[in-house]
Amino acid sequence: MADHSIQGKVALIAGGAKNLGALIARDLARQGARAVAVHYHSASAQADADATVAAIEAAGARAVALRGDLTTAGAVEKLFADTAAAVGRPDIAINTVGKVLKKPLAEISEAEYDEMAAVNSKSAFFFLKEAGRHVNDNGKICTLVTSLLGAFTPFYAAYAGAKAPVEHYTRAAAKEFGARGISVTAVGPGPMDTPFFYPAEGADAVAYHRTAAALSPFSRTGLTDIEDVVPFIRHLVSDGWWITGQTILINGGYTTK
Ligand SMILES: NC(=O)c1ccc[n+]([C@@H]2O[C@H](COP(=O)([O-])OP(=O)(O)OC[C@H]3O[C@@H](n4cnc5c(N)ncnc54)[C@H](OP(=O)(O)O)[C@@H]3O)[C@@H](O)[C@H]2O)c1
């Protein structure tokens, strides 16, 4: 019988230095992962990567920080090869890479469109491809999308539109890798209280998103906390492996599909 626990497993977290990715990385170490590879992108995220590595080591796991721009197939291949060389082939691969753009469709430039496609869609495609090649049998793969996939809203055409194909990549990967016992899921959080969210939004939009009655049936802020999301990801990459091929929105009722 396959072992679906996190205990003793090797994990790779793309975008694992800060915010949601960092909390996932720390959580997996606390759950008994043997080693965690922490990918980061910007030079400015190196201090965050170092802090995340230190927290993982303090929890008793091995950790390594690996830097890269993951918008080329070659860079994603290198990330998986470097992970295997540093801490072993992953059992769990989680992709949190993303970038938001909030802008009227009629004002979006070709360069902005291309960047949204590269960061949100192409990187996820090649992450799934390389994860399928490198993750051990009975492994778990998860990639982050957005709750905007369940929304009927203006201004996120390039961002949400670039996350949308990932839903189908997830379905295909789940079918193709399933014979090896590998589960593949996509998780779409609601607007999360991280620095990712605020620069794209004006003060009015932030105030609106904080209005519980407008955005969530629960009597709390309409914003999702990263702590709300991590337990679901923990479950999907362990005992929740029977869920595969699906996109799950975790958002306090912000949008539904
Ligand atoms: N926060 C929200 O409101 C929200 C809501 C729904 C879904 N999400 C999704 O949740 C995920 C995590 O978001 P978060 O809030 O935790 O924010 P975050 O920390 O900014 O996560 C995004 C990550 O993607 C990395 N990245 C950007 N461009 C990259 C590139 N070219 N190559 C490799 N990595 C790159 C960023 O690194 P650098 O910062 O160093 O560039 C960052 O580590 C994202 O996929 C996002 O789309 C976020």
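Once you have a ≥ b ≥ c as the square roots of the Cα gyration tensor eigenvalues for region 183-257, tell me rounded if a/c is under 1.5, and otherwise prolate or oblate according to whether a/b is larger than b/c. Prolate is the answer for region 183-257, as a/c is 1.5 or above and a/b outweighs b/c.
Between the residues Ala93, Ala111, Ala47, the greatest Cα displacement towards the positive end of the dipole of region 43-118, with unit charges on the Cβ of Lys, Arg, Asp and Glu, is found for Ala93.
Show log10 I(q)/I(0) for the chain at q = 0.09, 0.10 Å⁻¹, two decimals, from a solvent-free Debye sum over equal Cα scatterers. Summing over Cα pairs of the chain leads to -0.36, -0.45. Using R0 = 25 Å, the C-beta based FRET efficiency linking Ala47 and Ala75 works out to 0.70. What number comes out for the charge environment of Asp69, summing +1 per Lys or Arg and -1 per Asp or Glu over other residues with Cβ under 12 Å away? Net of charged neighbours comes to +3.
Give me the tail of P(r) for region 1-138 as a percent: Cα-Cα pairs with distance above 25 Å. Each step should come with its number before you reach the end.
Working: 2528 of 9453 pairs.
The proportion of pairs with Cα distances above 25 Å equals 27 percent.
Classified by the C-alpha gyration tensor, region 122-257 has a prolate form. Its axis ratio a/c, with a ≥ b ≥ c, is 1.5 or above, and a/b is larger than b/c.
Would you mind working out the magnitude of the charge dipole of the chain relative to its Cα centre, with +1 at each Lys and Arg C-beta and -1 at each Asp and Glu C-beta, to the nearest 20 Debye?
Working: 24 positive and 25 negative charges, 106 e Å.
The dipole magnitude comes to about 500 debye.
Tell me the per residue accessible area of region 97-139 using a 1.4 Å probe; a whole number in Å² is fine. Let's see the in-between values first.
Numbers: 2160 Å² over 43 residues.
I get 50 Å² per residue for region 97-139.
Taking the longest Cα principal axis of the chain as reference, the axis of helix 46-58 is set at about 50 degrees. For region 103-169, rounded, prolate or oblate, judged on the Cα gyration tensor with a ≥ b ≥ c (square roots of eigenvalues), a/c < 1.5 rounded, else prolate if a/b > b/c? Oblate, because a/c is 1.5 or more while a/b does not exceed b/c. Against the longest principal axis of the chain, how steep is helix 226-236, in degrees 0 to 90 to the nearest 10, with axes from Cα atoms? Compared with the principal axis, the helix lies near 50 degrees. Peptides 178-188, 17-27, 135-145 ranked from most to least packed, by the mean per-residue count of other Cβ atoms within 10 Å: 17-27, 135-145, 178-188.
Calculate how steeply helix 19-30 sits against the longest principal axis of the alpha-carbon atoms of the chain, using the helix alpha-carbon long axis, and give the answer as 0 to 90 degrees to the nearest 10. Relative to the chain, helix 19-30 is tipped by roughly 30 degrees. The residues of region 151-214 have, on average, 49 Å² of accessible surface per residue, using a 1.4 Å probe with all protein chains present.
Using a probe radius of 1.4 angstrom, the carbon and sulfur fraction of the accessible surface of the chain is 55%.
Can you check what the net charge comes to around Asp50, using other residues whose Cβ is under 13 Å from the Cβ of Asp50 (Lys, Arg +1; Asp, Glu -1)? Local charge sum for Asp50: 0.
Given the pairs Lys78/Lys102; Lys122/Lys257; Lys18/Lys163; Lys18/Lys175; Lys122/Lys175; Lys129/Lys163, which are separated by over 28 angstrom at their Cα positions? Mind showing how you got there, number by number?
Details: Lys78/Lys102 31 Å; Lys122/Lys257 24 Å; Lys18/Lys163 20 Å; Lys18/Lys175 31 Å; Lys122/Lys175 20 Å; Lys129/Lys163 16 Å.
Listed pairs above 28 Å: Lys78/Lys102; Lys18/Lys175.
The values are calculated or read from the model by the stated rules, or taken from the named source; none is laboratory data. From a predicted model like this one, the values you see are computed outputs, not experimental measurements. Please note: Cβ atoms are built from the backbone with ideal geometry, for glycine as well, and neighbour counts cover all protein chains shown. Calculation scope for accessible area: heavy atoms of the full protein, side chains included, ligands and nucleic acids excluded. Shrake-Rupley method; radii C 1.70, N 1.55, O 1.52, S 1.80 Å.
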